[in-house]
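The structure appears below as structure tokens.
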Amino acid sequence: MSAIAELQRRFAQALLHPEAPLSAEFTAALCPGGMSAGRRISVYQANVLGGRIRVLEKLFPVCQRILGAVCFGAMARGCALLQKEPPRDPDAVGELFPGWLQREIVDTDTLAGLDYLPDLARLELARAHAWTAVDPQGFEFDAFGRSLQEHPAERHAFNLAPGTTLLHSDWPVDRIWQVNQSEDAASVDGEAGPFYWVVRRLGDHVVQERLAEPVFHLLRSLQTGNTLGELDAQGVGAEAGELLPRLVQQGFIDGFRVC
């Protein structure tokens with residue numbers, strides 16, 4: 001590795017690991033004179049951290065509203081410091097936020113009563129995923145008919161539409177999200193859970209829809225790759241046969257494959 005490539009690698013590591021001490025060799029190569037290495041690096045570290053926090057503010061506006069700007073800022077900063085590898089995309093830090101909230105709520109007395117917040121964060125993250133998903137291709141009925149003639153029906157599995165996320169919670173986080181879309185957020189009446197949703201994009205809109213429990217579990221089974229034969233072996237083949245045409249018609253299922 002060339003000297004400049006090694007310096008760049010160490011610089012990137014210093015940005016991703018602000019808690020790690022800087023070696024004398026690195027600081028000498030980076031800063032032969034003038035401002036100290038620590039001060040120079042801290043400018044870039046602050047930019048990286050600030051960028052991650054802004055991503056979290058963009059992805060989780062309802063969580064921010066509920067927590068308040070100061071509390072959310074502290075939570076976002078703690079989450080942003082967890083990301084130790086170069087992100088695969090700018091929004092990747094958002095994947096860490098629901099789990100981080102879960103741990104903080106357990107460990108922080110001042111967050112008591114906000115047990116629903118991690119699931120609300122998962123809902124907001126699912127909405128972001130749905131919005132950026134590729135467009136569905138549409139179910140190819142003719143191709144499926146030909147495939148049934150060539151292969152046993154039990155070998156077929158189905159693909160959910162791109163950007164589809166299945167969620168469940170003991171709290172009505174969809175209603176909490178909804179009431180927080182207006183300036184004057186109303187309270188949410190207590191509803192007995194559990195609740196099941198699908199989050200997906202329909203045209204230019206992201207929608208979250210409550211599902212009956214059997215429909216949720218069937219979609220979850222399809223999402224994990226179960227074939228019709230495996231569904232039949234699990235004792236839900238007849239139910240799947242009844243529900244699948246409706247799920248295809250409503251756009252939940254976007255394609256099929258032979259396993």
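When LEU166 is evaluated against the numbered criteria (1) of a type in the set (A, V, I, L, M, F, W, C); (2) at pLDDT below 95; (3) closer than 30 Å to CYS259 by Cα, which criterion, by number, is the only one it fails?
Of everything listed in (1) of a type in the set (A, V, I, L, M, F, W, C); (2) at pLDDT below 95; (3) closer than 30 Å to CYS259 by Cα, LEU166 misses just condition (2).
Is at least one residue of the range 73-94 acidic (Asp, Glu), surrounded by 12 or more Cβ atoms within 10 Å (Cβ to Cβ), at pLDDT 70 or above and part of a helix (DSSP H, G or I)?
no
Is it true that ASP119 is in contact with a strand residue (DSSP E or B) (Cβ under 7 Å, 6 or more places away or on another chain), more than 30 Å from ARG10 (Cα to Cα) and either touching a residue at least 12 places away in the same chain (Cβ under 8 Å) or not in a loop (DSSP other than H, G, I, E, B) (or both)?
Against the criterion (in contact with a strand residue (DSSP E or B) (Cβ under 7 Å, 6 or more places away or on another chain), more than 30 Å from ARG10 (Cα to Cα) and either touching a residue at least 12 places away in the same chain (Cβ under 8 Å) or not in a loop (DSSP other than H, G, I, E, B) (or both)), ASP119 qualifies.
Take the conditions among the basic types (Lys, Arg), more than 28 Å from ASP89 (Cα to Cα) and over 19 Å from the mean Cα position of the chain (by Cα) and apply them to ARG155. Does it pass?
Criteria met by ARG155.
If you go through the range 245-259 one residue at a time, how many are in contact (Cβ under 8 Å) with a residue 60 or more places away in the chain and over 19 Å from PRO162 (Cβ atoms)?
2
The values are calculated or read from the model by the stated rules, or taken from the named source; none is laboratory data. A quick note: this is a predicted structure, and the numbers were derived from the prediction, not measured. A quick note on method: Cβ atoms are made from the backbone with ideal geometry, for glycine too, and the neighbour counts reach across all protein chains shown.
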